[in-house]
1. Using θ = phi - 60° and the Karplus relation 6.51 cos²θ - 1.76 cosθ + 1.60, list the HN-Hα couplings for the stretch A:206-211 in order, rounded to whole Hz, with x at every Gly or Pro.
2. Show the residues, 5+ positions off or on another chain, whose built amide H is closer than 5 Å to the amide H of A:G233.
3. Once B and A are treated as a pair rather than alone, how much accessible area drops out, both sides summed, in Å² to 100, probe 1.4 Å?
4. What FRET efficiency would be calculated for the residue pair B:H325, A:E284, taking the C-beta separation as r and a Förster radius of 45 Å, to the nearest 0.05?
5. Rounded, prolate or oblate: which one fits the stretch B:15-157, using the alpha carbon gyration tensor with axes a ≥ b ≥ c (rounded when a/c is under 1.5, else prolate when a/b beats b/c, else oblate)?
6. What dipole magnitude, in Debye to the nearest 20, does the protein assembly as shown give about its Cα centre under +1 on Lys/Arg Cβ and -1 on Asp/Glu Cβ?
7. Decide, for chain A, between rounded, prolate and oblate: order the square roots of the alpha carbon gyration tensor eigenvalues as a ≥ b ≥ c, take rounded if a/c falls under 1.5, and otherwise choose prolate if a/b is larger than b/c, else oblate.
8. Taking chain A as a Gaussian network, where each spring joins two C-alpha atoms under 10 Å apart, which residue of A:L321, A:L289, A:L224 fluctuates the most?
Amino acid sequence: MNKLPLKGLIVLEFSQYLSGPSAGLRLADLGARVIKIERPKGGDACRSLSIKNLWADDSSLLFHTINRNKESFAADLKDPDDLLLIKRLIEEADVVTHNFRPGVMEKVGLDYASVQEINPRIIYAEITGFGKNGPWNHHPGQDLLLQSLTGLTFTTANKDDNPTPFGLSIGDTICGEQMVQGILAALIRRQKTGKGALIELSLMESLLDFQFELLTTYYASGKLPERSRISNGNPLLGAPYGIYPTADGHIAIAMVNILRLATIIECSALAQFKQEDTFIYRDEIKEVLAAHLLQQPSEHWLQKLKAEDIWSMEVLNWQQLTKEEAYKCLQMEQTIKASNGNQITTTRCPIRMNGQRLFSDKPAPTLGEHNESICREMGLVSIPDIQQ
Amino acid sequence: MKLLEDIIVIDFSQFLSGPSASLRLADMGAQVIKIEKKGTGDICRQLYVSDVVMDGESSIFHAINRNKQSYAADLKCAVDKERVLQLIAKADVLLHNFRPGVMQRLGLDYETVKAINPGLVYAEISGYGSEGPWKDLPGQDLLVQSASGLTWLSNNDEREPTPMGVAIVDILAGTHVAQGILAALYQKAISDEGSLVQVSMLESILYFQFEVLTCFYNDGHQLPVRSSINNGNPYVAAPYGIYKTAEGYIALAMTNIVVLGQLLSCNTLINYTDKASWFNNRDEIKTILAEHLLTQTADYWLSILQPADIWCAKVLDYDTLAKEHAYQLLNMEMDVKTTNGLTIKTTRCPIRVDGQILTSEIGAPLLGEHNDQIEKQFDIVC
């Protein structure tokens, strides 16, 4: 296979912000043609959402990160002429994605049943916050709030700390990732049967699935997961699993036999514990270990540990990591030129196909950039004027 | 028809990253056959243990390996290997997460296997890729989190680097490899051609940070600064974070600080009219807010904030979550049964297809439980 696996597929992305658009980006990197359907006024709300006030052109660097390698078609779904154009696009499309709140697509007549009538082969994928039914279905499907509602905040940081969220949008990300899986599996079935599909996800179900190990353990034991009092790594795991300060930095130690560890790092105080104590005396073991590791620099410990194949690693920040040969040889970075000529460095797709890294230098589109070319290509007469 | 009906996956992977990918494929309808070492099986059966044991194996093994079959084989024994090769010849997908070089030594590398089955989708997960100075290091979740810079995003500024308390690297690498497999299967359905799909845990967790890493690449390599109080995300302004109240905790997402001050009757906050200060004076604002929220219960604050459409929520643990109607209605829980008669409650696949949830009551297999059945199904001779 010399071409990308999804070459020839057309995805219409009505999604905004991160969850849906991150799925669109993956499909684009795997070869699909992704067309963002954006409202003429402002477009995807993420265009005006910046972090650290960084802008690529008229749109934020954040928008460019999530929406590179896509096209943009501006259309007002409440305008009958525009809606006709969209319905024509749907005839040609393979996949539709959206992450509107429940009811929005129904109101404009682009719910699954209506879209299916236009194109029975369509894969229609949608993301909500909490599913379509139930008492929370009109609550904001925002990442931090979903982390807080699903118990996730009791997994990270130490026992006496406040509930602590993941410092990144895990709910949006994991839900977008899972939507890609659903869409691709539905495309495989369609290839055999000609049948389209409805694929539904919610941030809440995605985050519960993400905690499946913890939840299965909780269902069996009835006991809440407990973070360790120091150096908590994962509430399910015994000592020494965690990150420890050393004389000059931090090291991580994963699963390891406690007596072997005691011998290798010459810590006699640790040798009083047995392997079967690593849950019962988790905090005590971690305390002894922490005090011992503070006495020498990271390099001292890592040399001893790695020589014995003990699962350990230095804790790096991005400045340290990006100087490492192990990072550079991955070639995770790629450079893209924005519409105004600005160079942007961003990450590439994490999946390699047939030994090839997947790069794409196609920038994020300006709002409505492809209205004309798409209309011409599809033989559509009227061109919506984004100035209006 | 299930989405992945008739797809056959031969899964050599262990622990979580690979097996979580094959679990998803199984839930969407694929037949997943775990190839396990005779005698011990997937290391996860014993080594990767929580302190909750079921049927002699960890709760985690059961959660990850339900809805799969087990074929026990000694890959160093010629007869067993021949049998496995016959299986591979009829499979759609092969998945493994051995360290680089192991499959070559076993004679099961892509080039060799492709000669037997050119339509095969061959997928592998490594820790750090197959090149570079870290390629032979153990691909373990906490260690990859630590190497990737991820531990500087959660928890407060003066605190130690803090790992995310779920095996996020394993799960994301599994998700990415499942995507690669599915994209390749789609192509195979069109052209009959197989593919090689490769994912590394480091690349997966770097990609997870794509928004903030892109920021770092383009802002002159400035490191993230976590807020020193109630950090929610190093790149987001106040009040973003979780706050203690007189009873319970509440989460506050992006919100106008002045409006928030008015609603909560917190007069000091009303003075922060300059939007830039919400980020620049983040710690100051959060400190004021944190003190103020301590004066009343979570329910009290939510009764004011929710009707005003402020992005807020109560912070729940599993006990309180399980009592919520919103949780119960999702039907996320499902019982699976093992051959030994053990019933285990676990979670279902989060993807709904054609309006239906995907469930399966098949529990994790016993080691080698399906050897005979599989040899019959695939007409294995030798």
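The values are calculated or read from the model by the stated rules, or taken from the named source; none is laboratory data. Computed from a predicted structure; not experimentally measured. Cβ coordinates were reconstructed from backbone atoms using ideal geometry, including for glycine residues, and neighbour counts include every protein chain displayed. Protein only, heavy atoms only, side chains kept; ligands, DNA and RNA dropped before computing areas. Shrake-Rupley method; radii C 1.70, N 1.55, O 1.52, S 1.80 Å.
1. Working through the residues one at a time gives 5, 6, 5, 4, 4, 9 Hz.
2. A:S228
3. 12900
4. Step by step, r from the Cβ atoms, then E = 0.65.
5. Because a/c hits 1.5 or more and a/b fails to exceed b/c, the stretch B:15-157 counts as oblate.
6. For the protein assembly as shown, the charge dipole is close to 860 debye.
7. Prolate, because a/c is 1.5 or more and a/b exceeds b/c.
8. A:L321
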